[in-house]
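Here the structure comes first, spelled out in structure tokens, and everything after it is commentary.
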Amino acid sequence: MRYLLLTVLTIVAAASASLPARADYAVWQDSDTGVSMSWPDTWKRVSNADPNDVVTIMPPSGRAHAACRMRANTDMRYAVYPRKYASSIQRVGYSLDFWNQYLAEYDDYNIEKMQDGAGLGRGFAGYVIANYTSAVQGPEMQRRAIIFAANYGDRLFVLECSAHKDAFAQWKGLFMSVVGSVDFKKADHEIRSGHYEHNFMHDGRLTFESTEGPGRIVY
């Protein structure tokens, strides 16, 4: 895993001249899955709770026990398919049934809102706002979370950001900035034939004599 420090300068236009405001962000990428994301550099990485957690982050002093964790699992069901079906695959594979199965690891969960056709990184995503009881980071408590799930390549990525239920509204905006920073290492091409000058999709079939006995191999 590697870290970069990205300095973002925000210049506020006003009638009178003013100094630019400055905010520092940590930019992180996982060398295994290729997923990347960023967060305020005052946040810190903490130990992952589960084997499929790729990274877990929390704000200073664990305020409201807010936390975001990126999870990744291999999912070969949709590894090869035309990109035009990506949104349909999200609706079939990662909608209500998926969320009920995912949230079943928590106690007393309920889904406040669910939406298909969202986005996470380069993938189509579904998301929920849900309540549950868990000790994701810190003591057992009632938490509220916004959770995005997207299939990209041969992996399912889930980004879950949560806080104590009474403090969730204060953190939601920052959680969404983390969600918006997510990117995946490019695995799909927008054009079926790629950037080749020649469109091989229009070529005829190739026939070869088999080397393992009578017959032909056709591509």
**OP:** Name the single residue, out of those in the stretch 144-165 being over 30 Å from Y78 (Cβ atoms) and in contact (Cβ under 8 Å) with a residue 60 or more places away in the chain, that is surrounded by the fewest Cβ atoms within 10 Å (Cβ to Cβ).
**Re:** H164
Subject >> Qualifying position, being of a type in the set (S, T, Y) and exposed (fewer than 15 other Cβ atoms within 10 Å of the Cβ), among S38, S31 >> reply: S31
Original post:
Taking the stated definitions as given, is K185 modelled with pLDDT under 95 and not in a strand (DSSP E or B)?
Top reply: yes
Original post:
In the stretch 110-118, is there at least one residue being acidic (D, E) and part of a helix (DSSP H, G or I)?
Top reply: no
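Considering only residues of the stretch 84-104 that are touching a residue at least 12 places away in the same chain (Cβ under 8 Å) and in a loop (DSSP other than H, G, I, E, B), which is surrounded by the fewest Cβ atoms within 10 Å (Cβ to Cβ)?
If we filter the stretch 84-104 for residues that are touching a residue at least 12 places away in the same chain (Cβ under 8 Å), which is where we start, we get 86-87, 89-91, 93-96, 98-99, 102-103.
Those still in the list that are in a loop (DSSP other than H, G, I, E, B) too: 94-95.
Values: Y94: 25, S95: 16.
In this case the residue turns out to be S95.
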Original post:
R192: touching a helix residue (DSSP H, G or I) at 6+ places or on another chain (Cβ under 7 Å) and at pLDDT below 70, yes or no?
Top reply: yes
Original post:
Of the residues in the stretch 33-45, how many are out of contact with any Phe, Trp or Tyr (no Cβ under 7 Å at 6 or more places or on another chain) and touching a residue at least 24 places away in the same chain (Cβ under 8 Å)?
Top reply: 1
**OP:** Would you tally the residues in the stretch 107-132 being surrounded by fewer than 16 Cβ atoms within 10 Å (Cβ to Cβ) and farther than 22 Å from G173 by Cα?
**Re:** 2
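The values are calculated or read from the model by the stated rules, or taken from the named source; none is laboratory data. Computed from a predicted structure; not experimentally measured. Positions of Cβ are backbone-derived with ideal geometry, glycine not excepted, and every protein chain shown enters the neighbour counts.
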